[in-house]
Amino acid sequence: YYSNDSILSVENHKFHGTNEIATKLSSVPGAMQVNTHEIQPSNNGILIFISGLLQLQGENNAFPFCRVFFLTSNQNGNIYVKNDMSKLTLG
C-alpha cells in the first residue's frame, strides 16, 4: 500500500519509504478500532480521515486516536498511500 516516496508520521516521528513504514507499523503491539471516517476527493487523490480507539497489548484502557491518509496514483495508475499521519488525541 506504500511506496518509496511515502511518509508516515506517528506522534511527530517521521518514517520514509516502504521499509521504514513497514517496520514501524509492524512494531505497534495492538489493534485499532475505527469509530468514524470522512472521505473527500482531492487533486490527484483521495483524503481520508479516521478516528477511533487504539488498544495496546497489556493496557486496560484504549487510547483515542486520529489518522489521516492521502491516497494517490503512481505512474502506472496504481493507488498507494502517499501520506499517513497518526496522532493520539489525549486530553
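The values are calculated or read from the model by the stated rules, or taken from the named source; none is laboratory data. Note that the structure is predicted; figures quoted are calculated from it, not measured. All Cβ positions, even for glycine, are placed from backbone atoms using ideal geometry, and neighbour counts span all protein chains on display. In case anyone asks, the SASA skips ligands and DNA or RNA and just uses the protein heavy atoms, side chains included. Shrake-Rupley method; radii C 1.70, N 1.55, O 1.52, S 1.80 Å.
So here's what we get for this one:
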quantity: Partners for residue 24 among aspartates and glutamates (Cα-Cα distance below 19 Å; same-chain residues under 8 apart left out); calculated: 5, 11, 84
quantity: Helix-only mean residue ellipticity at 222 nm for the chain, each DSSP H run of n ≥ 4 adding -39500 (n - 2.57), per residue, nearest 500; calculated: -3000 deg cm²/dmol
quantity: Heavy-atom SASA rank of 65, 70 (probe 1.4 Å, accessible area, largest first); calculated: 70, 65
quantity: Of all DSSP beta bridges in segment 16-91, antiparallel share, percent nearest 5; calculated: 100 percent
quantity: Apportionment of accessible area to carbon and sulfur, the chain, percent (1.4 Å); calculated: 53 percent
quantity: Helix 17-26 axis, angle to the chain major axis (alpha carbon atoms, nearest 10°); calculated: 20 degrees
quantity: Approximate spin-label separation residue 75-residue 28, in nm, with each point projected 7 Å along Cα-to-Cβ; calculated: 3.1 nm
quantity: Simple spin-label estimate for residue 51 and residue 39 in nanometres, 7 Å along Cα-Cβ; calculated: 2.0 nm
quantity: Residue-normalised accessible area of the chain, given per residue in Å² at a 1.4 Å probe; calculated: 69 Å²
quantity: Local electrostatic count at residue 2 - Lys and Arg +1, Asp and Glu -1, tallied over other residues with Cβ under 10 Å; calculated: -2
